Amino acid sequence: KWAIAQETPIFGICLGNQLLALAAGAKTYKMKYGNRGMNQPCVDLRTTRCYITSQNHGYAVDDSSLPDGWKALFLNANDQSNEGIIHTSKPFFSVQFHPEAAGGPFDTAFLFESFIRVVRGAAPQLTLLDPAIYRHDRASLKRVLLVGSGGLSIGQAGEFDYSGSQAIKALKEEGIEVVLINPNIATVQTSREDPSCADVETSKRKEMASADHVYLLPVTAENVRRILDKEKNIDGIIVSMGGQTALNVGIELWNNQDLQKRGVRVLGTKIDAIVATEDREIFSTKLREIDETLALSYPATTVEGALEAAHKIGYPVLVRAAFTLGGLGSGFAENDAELKDLAVRALEGGSSTTKQILIDQDLRGWKEVEYEVVRDVRDNCITVCNMENFDPLGVHTGDSIVVAPSQTLSNREYFKLRSTALKVIRHIGIVGECNIQYALHPESLEYCIIEVNPRLSRSSALASKATGYPLAFVAAKLSMGVTLPELRNSVTGGATTMGFEPALDYCVTKVPRWDLGKFQGANRVLGSAMASVGEVMAIGRTFEESFQKALRMVDPSNPGFEPIDGMELSEADLEKKLVVPTDRRVWGIAEAMYKGQGWDKARVRDLTKIDDWFLSRLDKIAAAGRDASRWAALAPLVKAQDAAAADGLRDAKQLGFTDAQIARFCGHGLDDDAVRAARKACGVIPRVKQIDTLAAEYAAETNYLYTTYHGDDDDEMAGRVNRGGTLVLGSGPYRIGSSVEFDWCGVSAMRALRASGARGVMVNCNPETVSTDYDECDALYFEELSKERVMDVYEREAIDNGTIISMGGQIPQNIACDLHAAGAKVLGTHPDMIDAAEDRSKFSALMDAAGGDQPQWGGLE
């Protein structure tokens, strides 16, 4: 009160906000829970900008009690509690959050500059709203053309069916008519609404939204022009949901004035901004304007220009084609001859639509880190997910094992890269979603920006499923002019806004799926050009747990992190297997760590350049796996179902070992059923946890679930009245011969179940799919498609109708007999008949018994 009377400039922080309010004559009150954490969204009431802040308080100012001359300055976007006050004419203001928080974020550090200006007697700065917020009139949008990605290809697969399907939901929710162009008939987004869903309650029907008009035509500029002329009255076009194909079509239409002539708005990020990220020269200029660093790089349009650029940089160099997907046409060149070969292929092979290639500095060995970023028309900008590659730079991120959130970054590194991401995305002018990729020096704070993708990508789908934040849905809403604070978080039942940064109390591991073994003589070396055809995502409370899960998800024949190729490699061959990144390198690491005998973490680190943190966790798994005395002591206890086995079994399960692995390590004739029985007898069972986006700060209203052995109880399931229902098994990772068509099958089955009023539970592990969208089912388990895990879910959910396995392709089919033997009811074709059809000898016998002709055949052992 004395300071106020003296009119001394005052800037209050946290308790200072409450003290200033009390001194002014206002009141405070005790909150139910308080606001805590580093991701609280606060709206500046002068500009409506929303900032991410750090908070730790249990009391708040009652801004309705503020006397004349005082106004609320900031508002919490989640609970609408007061977050700051200001005097209308005197030099006093305060905030409830911590702009000075040493841990970050630093989004509101500008308040200190404002206070310094007040102290120096400078006139208050005029604060105005950005007029752009009124130039995105979503009310005028009636019909929108959504451009799909076309046929699946390496680097452009089912993730764009997921993003397109989410966009359709968002558009339909706003009452907008959707016209879709996509020739891929295996996708969910090209499906029409099932007439049987007509009577389904509105809340579920919006989850089954389909486009009003679907054109099964190749995604080309010419076909889009024809659709625009035929349909008439199309107000906007979205090109950010269909991968590089849609982006390139959008750029061509814009450059030819096709959209401008027809009065069609590009929704979301404008074409100029898209080109600024795709054209390396423009991108470099943009970064220099804000003093940001790009890896040393030169564009070239001829082989001679590429050679000149390489000589400036010095070999080795990375050759990349601009405006391409998945690193198509790229590679590392060690000399002029290799450069010429790569340049000719990139320039003449048609991989680059603009015939521009980029010659980049070689940064192999640096860490690769990326952030998924969203921004709205009011310049609210947040990072939704931060991910880190297990493999050092040099392997395309689509071919690398990826971990979220990052595990090896310091707090300083994390917030430095986060701040840079927000600065870059704002400067370029992205509206919607994008990702930014960095190269980070492993031993310093030096970093370079690799690229910005101004669209949804496979990383976006992964980030969405890893955090529970529906990136594609939100991006579509933002492209229509909706702002982040306006959108409510469906995971928390609308209790929080979408203008927040998810907090993860678990670890996510992505492992790619390759099918290189199907091609004789295929080059298995991984580099800058993407080769994987799919991926899986595993969730656990520790890296060890999620890593072993992921290795099994990607191929059920993988037992986990242990040698699968034997232990016979010579020292030289094993070193080569570790030095050269291939689709088999992780098994080489396992062999080295299980071997011991001169192979330790440091040696593996020297050969692979993989961070010590990851290797130390893998070494922990290997140490347990090769500890014969550990398993010898556990075996008799398991066999006798002795309660003393509990600690040993729990330790093994927390490291991610399966019942089958434990049985094999123990020996003594044990099998997975015996281990399972002993576990259950000892009370060692997996606990079910929710993906709640806010690390239990708010109650989750959706059943997006995973299992873990790091927990004493289950999370309370949202809306759970009873269990039961039907279990549907998904397809797992995309692979050659099993792709998006099985996601369509799973989604169609689930929608039919729910339309009939039945409860549906989904198990799948593929982050690219629509079936792993949490609002497509009553409960979603992001889990392994194995006998052990499916039975865990079956028992946990008390499934009473049975299990549908026929919608997920070969992986569910392969465990049909095991599930049946374990007591699960399999719907449809009986497992014995599935086995008879799959087993060549049994099928042949059936044909003979029926008198059917069949070709001569023989089996080989």
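How large is ³J(HN,Hα) for each residue in the stretch 676-687, as worked out from phi by the Karplus curve 6.51 cos²θ - 1.76 cosθ + 1.60 (θ = phi - 60°), to whole Hz, x for Gly and Pro?
Ordered by residue, 3J(HN,Hα) equals 4, 4, 5, 4, 5, 5, 8, x, 8, 10, x, 9 Hz.
Can you tell which of G150, I238, L634 lies farthest toward the positive end of the dipole of the chain, using +1 and -1 charges on the Cβ of basic and acidic side chains (Lys, Arg; Asp, Glu)?
I238
So how long is each side of the stretch 722-793 along the principal axes, counting just the alpha-carbon atoms, biggest first, in Å?
Reported extents, whole Å, longest axis first: 38, 27, 16.
Once you put a point 7 Å from the Cα of R36 and another 7 Å from the Cα of K680, both along the Cβ direction, what distance in nm separates them?
Result: 3.8 nm between the two label points.
Of the peptides 521-532, 626-637, 238-249, how do they stack up when ordered by the mean number of other Cβ atoms within 10 Å, highest first?
Details: 521-532: 17.8, 626-637: 15.6, 238-249: 27.2.
Final packing ranking: 238-249, 521-532, 626-637.
Express in % the proportion of alpha carbon pairs of the stretch 1-113 at distances exceeding 21 Å. Walk me through the intermediate numbers first.
Working: 1843 of 6328 pairs.
That fraction is 29 percent.
I'd like to compare 220-233, 464-477: which one has the highest average count of other Cβ atoms within 10 Å, and what's the full order after that? Don't jump to the answer; show the numbers that get you there.
Values: 220-233: 15.1, 464-477: 26.8.
The packing order, highest mean first, is 464-477, 220-233.
Starting from the Cα of E113, step 7 Å along the direction of its Cβ; do the same at D79; then give the gap between the two resulting points in nm.
Distance between label points: 3.2 nm.
Under a point-charge model restricted to the Cβ atoms of Lys and Arg (+1) and Asp and Glu (-1), what is the dipole moment magnitude of the chain relative to its Cα centre, in debye to the nearest 20?
On the way: 92 positive and 117 negative charges, 379 e Å.
Dipole about the Cα centre, nearest 20: 1820 debye.
What value does the stretch 485-550 have for Rg/Rh, both radii from Cα atoms and Rh as Kirkwood defines it?
Working: Rg = 18.3 Å, Rh = 15.2 Å.
Ratio of gyration radius to Kirkwood radius for the stretch 485-550: 1.20.
What is the Cα coordinate range of the chain on the first, second and third principal axes, sorted by size from largest, in whole angstrom?
96, 69, 65
Name the residue from V604, T542, S570 whose Cα lies farthest towards the positive end of the charge dipole of the stretch 521-617, charges +1 on Cβ of Lys and Arg and -1 on Cβ of Asp and Glu.
T542
Which entries of K1/K30; K169/K423; K416/K577; K465/K639 have Cα-Cα distances beyond 28 Å here? If you can, show how the numbers build up before the last one.
Working: K1/K30 22 Å; K169/K423 30 Å; K416/K577 35 Å; K465/K639 39 Å.
The answer is K169/K423; K416/K577; K465/K639.
Charges on Cβ only, +1 for Lys and Arg, -1 for Asp and Glu, centred on the Cα centroid of the chain; of W366, I251, I811, which one is farthest towards the dipole's positive end?
Farthest along the dipole direction, towards plus: I251.
Using the beta-carbon distance between M833 and E292 and R0 = 56 Å, what value does 1/(1 + (r/R0)^6) give for FRET efficiency, to the nearest 0.05? Could the numbers behind the result be given before it?
Working: r = 62 Å, r/R0 = 1.11.
For M833 and E292, the calculated efficiency is 0.35.
What are the ³J(HN,Hα) couplings of the stretch 399-413, residue after residue, when phi is run through the Karplus curve with 6.51, -1.76, 1.60 and θ = phi - 60°? Round to Hz, x for glycine and proline.
9, 9, 5, 10, 10, 9, x, 4, 10, 10, 7, 6, 4, 5, 5
How much space per residue, in cubic angstrom, does the convex hull of the C-alpha atoms of the stretch 586-654 take up?
On the way: hull volume 6.1 nm³, N = 69.
Each residue corresponds to 88 Å³ of Cα convex hull volume.
Sorted by packing (mean other beta-carbon atoms within 10 Å per residue), highest first, where do 257-263, 768-774 land?
Numbers: 257-263: 13.9, 768-774: 26.4.
By packing density, highest mean first, the sequence is 768-774, 257-263.
What accessible area per residue, rounded to a whole number of Å², is obtained for the stretch 722-861 using a probe radius of 1.4 Å?
Values: 5660 Å² over 140 residues.
Averaged over the residues of the stretch 722-861, the accessible area is 40 Å².
Would you list, by chain and number, the lysines whose Cα falls below 20 Å from the Cα of K355, excluding same-chain residues fewer than 8 positions away?
Cross-link targets: K340.
Ordered by residue, what ³J(HN,Hα) values in Hz, to whole numbers, does the stretch 631-648 give under the Karplus form 6.51 cos²θ - 1.76 cosθ + 1.60, where θ = phi - 60° and Gly and Pro are x?
My calculation for the stretch 631-648 gives 6, 4, 6, 7, 3, x, 5, 5, 4, 8, 6, 6, 4, 5, 7, 4, 5, x Hz in order.
For the stretch 534-582, just run the numbers: alpha carbon Rg, then divide by 2.2 N^0.38 Å, N being how many residues it has.
Working: Rg = 13.2 Å, N = 49, 2.2 N^0.38 = 9.7 Å.
Here the Cα radius of gyration is 1.37 times the empirical estimate.
Based on the inverse mean of 1/r over its pairs of different Cα atoms, what is the Kirkwood hydrodynamic radius of the stretch 387-439, in Å?
Working: mean 1/r = 0.0806 Å⁻¹.
Evaluated on the stretch 387-439, it is 12.4 Å.
Amide H neighbours of L296 under 5 Å, counting only residues 5+ apart in sequence or on other chains, H built in-plane at 1.01 Å?
Amide H neighbours of L296: Q361.
For an R0 of 56 angstrom, estimate the FRET efficiency from the Cβ-Cβ distance between E222 and K71 and round to the nearest 0.05. Present the calculation step by step, with values, prior to reporting the outcome.
On the way: r = 56 Å, r/R0 = 1.01.
The computed FRET efficiency comes out at 0.50.
The values are calculated or read from the model by the stated rules, or taken from the named source; none is laboratory data. Small disclaimer: the values here were computed from a predicted structure and weren't measured. For neighbour counting, all protein chains shown are included, and Cβ atoms are generated from backbone atoms with ideal geometry for every residue, glycine included. Areas reflect the complete protein model, heavy atoms only, side chains present, ligands, DNA and RNA absent. Shrake-Rupley method; radii C 1.70, N 1.55, O 1.52, S 1.80 Å.
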